[in-house]
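Read-outs throughout are calculated quantities, based only on the coordinates presented, and are distinct from any laboratory measurement. Predicted model, so just to flag it, every value in this text is computed and none were measured. Please note: Cβ atoms are built from the backbone with ideal geometry, for glycine as well, and neighbour counts cover all protein chains shown.
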Amino acid sequence: MQTSSRHNPFAGITGLLILVGIVLLGFYVIKGFLSLLWWAFPIMVIATLFIDYKVITNHFKMIGMAFQTDMLRGILYASFSFFAAPVVALWLLLKAVAKRRMASMTANFQSRMQDRFQEGLDLNQSHKVQSPEYFTEYEEIETTIRQR
């Protein structure tokens, strides 16, 4: 079954050239990003040390534990950490920032909950009711249990 009487001989080559161009563009974008990471590598390591040095020590502990439990996995982890050092440094920096952010959010949440608890607790009155803004109004529904 023929769909057209004319056939473009360059249609396959054009698609192939576009594919090669997209692959080359992706290669150069990734190469530029990794080059930028190599330049920022020392800064990322120092920033990670200042934010939370335990992230780096825990990373090395994890590699050491991998060597103890499975030698091949330890070698793979250590070689990846060596050859992809900027990527690992970026990962550790993001992990340290996330840990710090979670700690501050947890402290903020706990202080707000403590404040709410202290507002509702009056040491002079043992049965003080909290202000209505802390409660949600729901319609009460009467239910009965049917037995079969």
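Values computed for the structure shown
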read-out: At most 14 other Cβ within 10 Å, DSSP loop - chymotrypsin sites (Phe, Trp or Tyr not before Pro), the range 1-78; value: F10
read-out: Convex hull volume per residue in cubic angstrom - Cα atoms of the range 40-120; value: 99 Å³
read-out: Neighbour-limited loop hits for trypsin sites (Lys or Arg not before Pro), the range 1-107 (at most 16 other Cβ within 10 Å; DSSP other than H, G, I, E, B); value: R6
read-out: ³J(HN,Hα), Karplus 6.51/-1.76/1.60, whole Hz, each residue of the range 103-110, x for Gly, Pro; value: 5, 5, 5, 5, 5, 5, 5, 5
